[in-house]
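Notes to accompany the following structure.
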Amino acid sequence: MIIDCHGHYTTGPKELGDYREQQKAELKNDPLVAHLKGEINITDEQLRESIVNNQLKLQEERGTDLTIFSPRASWMGHHIGNSTTSKNWTEHCNELIHRIVEMFPKNFVGAAQLPQSPGASIQTSVDELERCVKEYGFVGCNINPDPSGGFWNDAPPLDDKYWYPLYEKMVELNVPGMIHVSGSCNCTLHTTSSYYLGADTTAFTQMMMSKTLFKDFPELKIVVPHGGGAVPFHWGRFRGLCDMLELDNLNSIIENNIYFDTCVYHQEGIDLMLDLVPTENILFASEMIGAVRGIDPLTGHFFDDTKRYIDGAKISDEKKQMIFEGNIRKVYPRIEQHIAKHF
């Protein structure tokens, strides 16, 4: 199988955006408003049309079998409003993912958005993760290390005890988390370039430098997307820092806990990652219809057609199979139940 571990529902109907704008209007009148969840009237036919002409079409064209699918990352917007804002918005977004998976179980399996909110307890996220895994069969979640939207002034580093209830639930449920910030409200940080890639690098560094996190949670699995941000390009710097700070060997630190996806949109970048990062720690992903949607004038193919880069890499077929399927089935073990039921 070709499994894509990083997909987002970026093509939702207008009604989804209208609901969010209504939340913002309510907040403008009263920043402390206790939102009601209400309803979003989106028909099955609208959902079907939004998928068939977009993600499903590209899956078929590019040869991907199954995508781990989560709500649109740039719309998570944890910095917007209060805890009721995020809770209601997140529940609606996850419920749409569940409906899509029910319609297209051979193409998608769910991963949860979490209702993080500045100044709020992580318990609401724990509860939503449990709901999505137990009721909807989701196999993973997205973790935002910076709910402030680009100012890094709310959540503590990822090895802080603040996060421990979430990690405990992830280990209990046997699901990994993918690091993923949302939209930037800091005008100095462009969302999909400087903010996303910088946040990936920052999150990796917080975990790498921690001397407690993976000792406390040896079964915890974290995916750093977008090829790990700047990490593979500076692999020597991080190896050197491990030596300077008297940490374990870098490969040992990441071995059973930290993974990188292949959302790197050129062959040279993929080749560099494949040369430096252990194959066991690389997961196939495209984030198609996401950050970079155009055609590369140097190749004539879409930038986010990342399967082409793995196909073209000078590695063994065995390693390609690990990246396309084997590693993902190990990191996302709950996917086995979905595959057994639908394939």
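Counting heavy atoms of the protein chains only and a 1.4 Å probe, report the per residue accessible area for the chain as a whole number of Å². Let's see the in-between values first.
Working: 14710 Å² over 343 residues.
Normalised by residue count, the accessible surface of the chain is 43 Å².
Could you check the spin-label model distance between Asp311 and Arg293? Points 7 Å from the Cα along Cα→Cβ, value in nm.
2.4
Tell me, how many Å apart are the Cα centres for the stretch 41-64 and for the stretch 265-331?
A separation of 23 Å, based on Cα centres.
Quickly work out the Thr11-to-Lys341 label distance, labels modelled 7 Å from Cα along the C-beta direction, and quote it in nm with one decimal.
In this crude spin-label approximation the distance works out to 2.4 nm.
In percent, how large is the relative contact order of the chain, given Cα pairs closer than 8 Å and 6 or more residues apart? Intermediate results must be reported in sequence, preceding the final value.
Values: 588 pairs, mean separation 58.9, N = 343.
Contact order relative to length: 17 percent.
Just the Kirkwood number for the stretch 240-343, please: inverse of mean 1/r across all distinct Cα pairs, in Å, one decimal.
Working: mean 1/r = 0.0654 Å⁻¹.
Taking every pair of different Cα atoms in the stretch 240-343, averaging 1/r and inverting gives 15.3 Å.
List the GluC sites (Glu not before Pro) within the stretch 215-279 that fall in a DSSP loop (any state other than H, G, I, E or B) and whose Cβ has at most 11 other Cβ atoms within 10 Å.
Working: sites: Glu219, Glu246, Glu255, Glu268; in loops: Glu219, Glu246, Glu255.
Hits after loop and neighbour filter: Glu246.
Suppose we look only past 22 Å in the calculated P(r) of the stretch 77-199. What percent of the Cα-Cα pairs does that tail hold? Don't skip to the end; give the middle numbers.
Details: 2581 of 7503 pairs.
Roughly 34 percent, rounded to a whole number.
Could you tell me the accessible area of Phe302 in Å² (1.4 Å probe, neighbours in place), rounded to the nearest ten?
80
Taking only DSSP H segments of four or more residues, each worth -39500 (n - 2.57), what value at 222 nm results for the chain once the sum is divided by all its residues, to the nearest 500 deg cm²/dmol?
After summing the helix terms and dividing by the residues of the chain, the value is -12500 deg cm²/dmol.
For Rg/Rh (Cα atoms, Kirkwood Rh), one of (1) 0.99; (2) 0.94; (3) 0.96 was computed from the structure I shared and the rest are decoys. Which label?
(2)
In angstroms, what radius of gyration and Dmax does the stretch 181-231 have, counting Cα atoms only?
Considering the stretch 181-231 through its Cα atoms, Rg and Dmax are 12.7, 38 Å.
Mind checking which of Cys93, Cys187, Cys263 has the largest fluctuation in a GNM of the chain, springs on alpha carbons under 10 Å?
For the chain, modelled as a Gaussian network with Cα springs under 10 Å, the answer is Cys187.
Please give the charge dipole size of the stretch 116-172, origin at the Cα centre, charges +1 on K and R Cβ atoms and -1 on D and E Cβ atoms. Round to the nearest 20 debye. It would help to have the intermediate numbers written out before the result.
Details: 4 positive and 10 negative charges, 14 e Å.
In debye, rounded to 20, the stretch 116-172 gives about 60.
Just the number, please: carbon plus sulfur as a percent of the accessible area of the chain, 1.4 Å probe, no ligands or DNA/RNA counted.
Ligands and nucleic acids excluded, carbon and sulfur give 51 percent.
Residues of the stretch 12-27 with backbone nitrogen within less than 20 Å of a virtual label 7 Å along the Cα-to-Cβ line of Glu49, please, listed as ranges.
Under 20 Å, as judged by backbone N against the label point of Glu49, lie 12-20 of the stretch 12-27.
Check the straight Cα-Cα distances from Lys319 and name the lysines below 16 Å, setting aside those fewer than 8 residues away within the same chain.
Straight-line reach from Lys319, under 16 Å: Lys307, Lys330.
Please state the shape class of the stretch 137-293: rounded when a/c is under 1.5, otherwise prolate if a/b exceeds b/c and oblate if not, all from the C-alpha gyration tensor. Mind dumping the intermediate values first?
Numbers: a/c = 1.27, a/b = 1.06, b/c = 1.20.
Cα axes put the stretch 137-293 in the rounded bin.
How large is the Kirkwood hydrodynamic radius of the stretch 187-269, counting all unique pairs of alpha carbons, in Å? Write out the running numbers ahead of the final one.
Numbers: mean 1/r = 0.0742 Å⁻¹.
For the stretch 187-269, inverting the mean 1/r across all distinct Cα pairs yields 13.5 Å.
Using alpha carbons only, what's the Rg to Rh ratio of the stretch 1-157 with Rh from Kirkwood?
Numbers: Rg = 15.8 Å, Rh = 16.2 Å.
A ratio of 0.97.
So how strong a dipole does the chain carry about its Cα centre when Lys and Arg Cβ are +1 and Asp and Glu Cβ are -1, to the nearest 20 debye? Don't skip to the answer; put the middle values down first.
Details: 31 positive and 47 negative charges, 19 e Å.
Here the size comes out at about 100 debye.
Would you mind calculating the relative contact order of the stretch 134-185 from Cα pairs under 8 angstrom and at least 6 residues apart, reporting the percent as a whole number? Don't skip to the answer; put the middle values down first.
On the way: 51 pairs, mean separation 28.0, N = 52.
Reported relative contact order: 54 percent.
Calculate, in nm to one decimal, what Asp243 and Gln22 gain on full extension: separation in residues at 0.36 nm each, minus their alpha carbon distance.
Length difference between fully extended and current span is 74.4 nm.
Compute the FRET efficiency between Glu135 and Leu272 as 1/(1 + (r/R0)^6), taking r as their Cβ-Cβ distance and R0 = 35 Å, and round to the nearest 0.05. Let's see the in-between values first.
Working: r = 41 Å, r/R0 = 1.17.
Between Glu135 and Leu272 the formula returns 0.30.
How high is the FRET efficiency between His234 and Ser194 when r is their beta carbon distance and R₀ equals 25 Å, given to the nearest 0.05?
Efficiency, rounded to the nearest 0.05: 0.95.
The values are calculated or read from the model by the stated rules, or taken from the named source; none is laboratory data. Worth saying up front: this structure is predicted, and the values here are computed from it rather than measured. Positions of Cβ are backbone-derived with ideal geometry, glycine not excepted, and every protein chain shown enters the neighbour counts. Ligands, DNA and RNA are stripped out before the accessible areas are found, and what is left, the full protein with its side chains, is counted by its heavy atoms. Shrake-Rupley method; radii C 1.70, N 1.55, O 1.52, S 1.80 Å.
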